[in-house]
1. Sorted by mean Cβ packing within 10 Å, highest first, what order do the peptides 86-92, 31-37, 44-50 take?
2. Counting each DSSP H run of 4 or more residues in the chain as -39500 (n - 2.57), what helix-only mean residue ellipticity at 222 nm follows after dividing by all residues, to the nearest 500 deg cm²/dmol?
3. Which value, in debye to the nearest 20, describes the size of the charge dipole of the range 1-69 about its Cα centre when Lys and Arg Cβ atoms bear +1, Asp and Glu Cβ atoms bear -1, and nothing else is charged?
4. Just to confirm my numbers, what's the Cα centroid distance between the range 330-357 and the range 26-42 in Å?
5. Excluding residue 117 itself, calculate the net charge of residues whose Cβ lies under 15 Å from the Cβ of residue 117, where each Lys or Arg counts +1 and each Asp or Glu counts -1.
6. Among 229, 133, 58, whose Cα sits farthest toward the positive end of the charge dipole of the chain (+1 at Cβ of Lys/Arg, -1 at Cβ of Asp/Glu, about the Cα centre)?
7. By counting other Cβ atoms within 10 Å of each Cβ, how are 146, 243, 269 ranked from fewest to most?
8. Please report, in debye to the nearest 20, how large the charge dipole of the chain is about its Cα centre when each Lys and Arg carries +1 at its beta carbon and each Asp and Glu carries -1 there.
Amino acid sequence: MTGSAREAYDRAIAAAGRGDTETAQREFQSALSSDSNAFRAAFNLGVLADRMGQTDEALSYYRQALRIQPDYERALEGIVRIYIRQGRAGDAVSFAQPIAQRWVRNLSVQAVYADSLVAANRAQDAVNTARAALRRDERFVPAMIVLAKANLRLGRTELAQSILEQALGIDGNNAEGHFLRGQMYEGEQRLANAITEYRRAIEIDRDYADARMRLGILMLGGANYDEAVTQFEAVSRLVPDLVAVHLNLGDAYRSTKQWTKAKAEFDRVISRSPSTVEVHYNIGLMYWAQSTDLTGQEQLDMLQRAQQELTQYRTGMGARLPRDDQSSTFIDDLNRQIDRTRRAIERDRARAEREAARAARQQAEGTTDSASGDSGSGGAQ
């Protein structure tokens, strides 16, 4: 970069570090205007746009960075990750493949391409690509990590573990390596070890959204709701277009009785992905939990909302409903609770009516007695 572009770029990096996104964007734009070849400025504008949920704009900036520097692996990785996040692993492969074929000596590009192959369930092709990169540099850790992931996908667990341990032996500060080890531990139900690895990955890379997501899910499952909220909030800032994080964050808010925030997150899921019927299950549980803080008609209304949401969930799931799904049991419990609450309301209403009638009679009798007393007093005078 030229002098003025470098100065603007450094100011942008500093602003981004302190969370001043607006200034960071302005300074990165300034750097790019001063030097049209400032591909790192274009890349960072893509990162900021992605974190603001502006996916199309992020893709545009990443592509701009690649037009300037055609083998810039970080921009390629940004595009591949967005496609995979969107469930478009095939598009990720199609985009990465010609770049990988052209820049065979850029091992980072090869690792990104291999990773896209894993996501597209082309694990053996990923193995071949990673091995080709390792023939050029047998200690290239990113290729080793992808090779471990691909072998794990192929069911070669021991081989994957061996490769991963070799990789972390070379670079113990590889965040993705610790994340993958955490996944392996989690698959073995060694949850304490998995948590340790996810924490280590986040310690190395505080913006590692996948590690924070898995850690949040484990915290939620372990009833550590406050930390679950912290992790999911961080993920929602890093990848705001990820539907799953809003579903989980809403559930964490529900667990901490932050009803308004929970409902806002569930509403985001419905607006962004109406086909995600699981959200109605979570909303149903939220209304059910919320009903415990209410009484009378308000409680009845909330219980009926819970019943409606769980019914909508079951209808939407249809044949996909798991055999061990608890929603049917929950609906039965809700029906009984609704009946009890309705009867209690009716009893309270009848009691109130009897008390009101009794009070009216007493008042009438008191008025009659008073009138009689007044009449007697007038005669004595």
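1. Details: 86-92: 16.1, 31-37: 18.3, 44-50: 22.4.
In decreasing order of mean packing, 86-92, 31-37, 44-50 become 44-50, 31-37, 86-92.
2. Numbers: 19 runs with 308 residues, N = 381.
About -27000 deg cm²/dmol.
3. Values: 8 positive and 9 negative charges, 32 e Å.
Using Cβ point charges on Lys, Arg, Asp and Glu, the range 1-69 gives about 160 debye.
4. One Cα centre to the other: 67 Å.
5. Details: positive: 81, 88, 122, 131, 149, 153; negative: 77, 91, 115, 125.
So the surrounding residues net to +2.
6. About the Cα centre, the residue reaching furthest to the positive side is 133.
7. In order of increasing Cβ crowding within 10 Å: 243, 269, 146.
8. Numbers: 50 positive and 52 negative charges, 179 e Å.
With only Lys, Arg, Asp and Glu charged at Cβ, the dipole is about 860 debye.
Each reported figure results from applying straightforward, stated rules to the coordinates on display, with no laboratory input. Note that the structure is a prediction, hence the values are computed from the model and not measured. Methodologically, a virtual Cβ is constructed for each residue, glycine included, from the backbone with ideal geometry; neighbour enumeration extends over all protein chains shown.
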